[in-house]
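**Q** Have a look at the structure that comes next, please.
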Amino acid sequence: MIELKAAQAGYGSAQVLFDLDLTVRRGEVVTLLGRNGMGKTTTIASLMGMVPLHGGQLLIDGRDATRLPDFRRARLGLGLVPEGRRVFATLSVRENLLATAAPARADQEPWTIERVFGLFPRLRERAEALGSHLSGGEQQMLAIGRALMTNPWLLLLDEATEGLAPVVCEAIWAALIELKKEGQAILIVDKNLTVLRRLADRHYVLEKGRVCWQGDRSALEADLTAVTRHLSVG
């Protein structure tokens, strides 16, 4: 389990997160929802250690990870799919996947290149193509596969389908549904509430760096109008 307690974080003198609490348990799919600029990406970055906390605490399986660097958090089982994908442009698809490969834990089926290709058959077809020669959708598939090759217990996806063609979005959602069936814990940022309502177990809505609403699938359906209001612009 990962727990973010009373998290405060920001950039220089600009504070973005204010006493934010968040929990993800093993096997759960949890969303971070909110309008642009509400702190979702900063929350993801704080979990990975890319933005340090200047208040609060991060626990990973009960262990204080607040001051651990990002590579140590990755070794504890956090795998990041960053906004903008950031694949290695001069490496092939296969090389991108090999670059992040890490040993699996004793309690999990290891991720291999062949297993990633099974999840995203398009990557098999493009295995020798350079990252810079891939479409945006192919790069996103590769970014997810690259994170999975670290054998994470928690997959962090920041803007999972933003700017992608509908057919690519369908492939990514199908892959995430399959990952959930396999017990993969996921914390996901995305704007497609229609799909997230079916996929996720619990939801957090952020408003100006604070959790303004949280609840499980049933609570979301019961309070859908209020939640949607927090997500709308204007």
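**Q** For a quick check of your reading of the filter: which GluC sites (Glu not before Pro) in the range 107-164 sit in a DSSP loop and have no more than 12 other Cβ atoms within 10 Å? Display every interim value, and only then the final one.
**A** Details: sites: GLU114, GLU125, GLU128, GLU138, GLU159, GLU162; in loops: GLU128, GLU159, GLU162.
Passing sites in the range 107-164 are GLU128.
**Q** Under a Cβ-only charge scheme (Lys and Arg +1, Asp and Glu -1), can you give me the dipole magnitude of the range 139-234 about the Cα centre, in debye to the nearest 20?
**A** Details: 11 positive and 12 negative charges, 29 e Å.
My answer is approximately 140 debye.
**Q** Determine the shape class of the chain: with a ≥ b ≥ c the square roots of the Cα gyration tensor eigenvalues, call it rounded for a/c under 1.5, and otherwise prolate if a/b is greater than b/c, oblate otherwise.
**A** On the way: a/c = 1.61, a/b = 1.32, b/c = 1.22.
Verdict is prolate for the chain.
**Q** Only Lys, Arg, Asp and Glu count, each charged at its Cβ (+1, +1, -1, -1), so figure out the dipole size of the range 2-231 about its Cα centre, rounded to 20 debye.
**A** Working: 29 positive and 27 negative charges, 44 e Å.
Dipole size: approximately 200 debye.
**Q** Quote the relative contact order of the chain in percent (integer), defining contacts as alpha-carbon pairs under 8 Å separated by 6+ residues.
**A** Numbers: 434 pairs, mean separation 66.3, N = 234.
Worked out over the chain, it gives 28 percent.
**Q** Then there is this: For a quick check: sort LEU157, LEU97 by the number of other beta carbons within 10 angstrom, fewest at the front. Walk me through the intermediate numbers first.
**A** Numbers: LEU157 25, LEU97 22.
Taking fewest neighbouring Cβ atoms as first place, the list is LEU97, LEU157.
**Q** May I ask for the distance between the Cα centers of the range 94-110 and the range 10-31, given as a whole number of Å?
**A** Taking the Cα centre of the range 10-31 as reference, the centre of the range 94-110 is 26 Å away.
**Q** Number of Lys-Lys pairs in the chain under 23 Å by Cα, sequence gap 8 or more or different chains?
**A** Working: LYS5/LYS40; LYS5/LYS208; LYS40/LYS180; LYS40/LYS191; LYS40/LYS208; LYS180/LYS191; LYS181/LYS191; LYS191/LYS208.
Going through the chain pair by pair, I get 8.
**Q** Also: Only counting other Cβ atoms within 10 Å, I'd like THR150, THR23 sorted with the fewest neighbours first.
**A** Working: THR150 19, THR23 15.
Result, fewest neighbours first: THR23, THR150.
**Q** Something else now. If you take the charge dipole of the chain about its Cα centre, with +1 on Lys and Arg Cβ and -1 on Asp and Glu Cβ, which of LEU20, LEU179, GLN8 is farthest toward its positive end?
**A** Final value for the positive-end residue is GLN8.
**Q** Could you work out the helix-only [θ] at 222 nm for the chain, with each DSSP H run of four or more residues adding -39,500 (n - 2.57) and the total divided by the number of residues, to the nearest 500 deg cm²/dmol?
**A** Working: 10 runs with 84 residues, N = 234.
Mean residue ellipticity at 222 nm (helix-derived): -10000 deg cm²/dmol.
**Q** Using alpha carbon centroids, what distance separates the range 57-80 and the range 164-234, in Å?
**A** For the range 57-80 versus the range 164-234, the Cα centre distance is 24 Å.
Here, each number is a calculation from the coordinates, and none is a lab measurement. The shown structure was predicted, so the numbers you read here are calculated from the model rather than taken from an experiment. Note: ideal-geometry Cβ built from the backbone for every residue, glycine included; neighbour counts use all protein chains shown.
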